[in-house]
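Only one structure is covered here, and it is reproduced in the block below.
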Amino acid sequence: MPRIERSAAISWEGNVARGVGLVSGDTGSFAELPFSLPSRLNAENGKTSPEELLAAAHGGCLAMSLASELTQAGSPPERLDVHVRIVMDEVPGQGHLVVGSEVEIAARVDGVEQDRFDALVAEADASCPFSHLIRATASVTVRARLNAT
């Protein structure tokens, strides 16, 4: 795979408690997604957060990795539904840190048995760059179920 570089632009106005930021992808695929401290602390009100964006990035990367593993095994997926929950918590002496990424995958795949599917999920997780990145400082748990098509 060639080197990949992507970027985003972020602006912030105001103090941390009452301010609002905007994040835009330099590709133009998303623009001016608002985020704020309250959106990090559960009062979303239509705003995103860095944690939500990380969850989306991890889930997207893992879905692509699993699709690749399944395809190489001769059983391309019909559908993969991935849900990721990023957990940030206070770590004594270190402040707030991302401490985990919890991944749930539901897959519709023909021609693969559960044991082989589980092995392919583990391989996909092991080769996912975002799983590696998150595991540098936090835990990653992946639960996957194979649904009959």
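The values are calculated or read from the model by the stated rules, or taken from the named source; none is laboratory data. Predicted model, so just to flag it, every value in this text is computed and none were measured. Reconstructed Cβ throughout: ideal geometry from the backbone, glycine too, with neighbour counts over all protein chains shown.
See the values below:
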item: Number of positions in region 80-93 that are farther than 22 Å from residue 42 by Cβ and over 17 Å from the mean Cα position of the chain (by Cα); result: 2
item: Test: residue in region 109-129 that is surrounded by 15 or more Cβ atoms within 10 Å (Cβ to Cβ), at pLDDT below 95, over 30 Å from residue 20 (Cβ atoms) and hydrophobic (A, V, I, L, M, F, W, C); result: yes
item: Region 84-108, residues that are closer than 28 Å to residue 1 by Cβ and surrounded by 14 or more Cβ atoms within 10 Å (Cβ to Cβ); result: 84, 85, 86, 98, 100, 101, 102, 103, 104, 105, 106, 107
item: Checklist (1) at pLDDT 95 or above; (2) under 30 Å from residue 123 (Cα atoms) applied to residue 34, failing item; result: (2)
item: Close pairs from region 107-126: first on the phi < 0 side of the Ramachandran plot, partner among the charged types (D, E, K, R) and in a helix (DSSP H, G or I), Cβ under 8 Å, at least 6 apart; result: 120/69; 121/69; 123/69; 124/69
item: Residue 117, sole failed condition from (1) touching a Lys or Arg at 6+ places or on another chain (Cβ under 6 Å); (2) farther than 24 Å from residue 49 by Cα; result: (1)
item: Residues located in region 116-143, provided they are of a type in the set (Gly, Ala, Ser) and in a helix (DSSP H, G or I); result: 119, 122, 124, 126, 127, 131
item: Selected residue (only one of 103, 99 is under 27 Å from residue 24 (Cβ atoms) and among the hydrophobic types (A, V, I, L, M, F, W, C)); result: 103
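To keep it simple, each residue is scored yes or no on (1) surrounded by fewer than 17 Cβ atoms within 10 Å (Cβ to Cβ); (2) touching a residue at least 60 places away in the same chain (Cβ under 8 Å).
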residue	(1), (2)
7	yes, no
19	yes, no
26	yes, no
40	no, no
61	no, yes
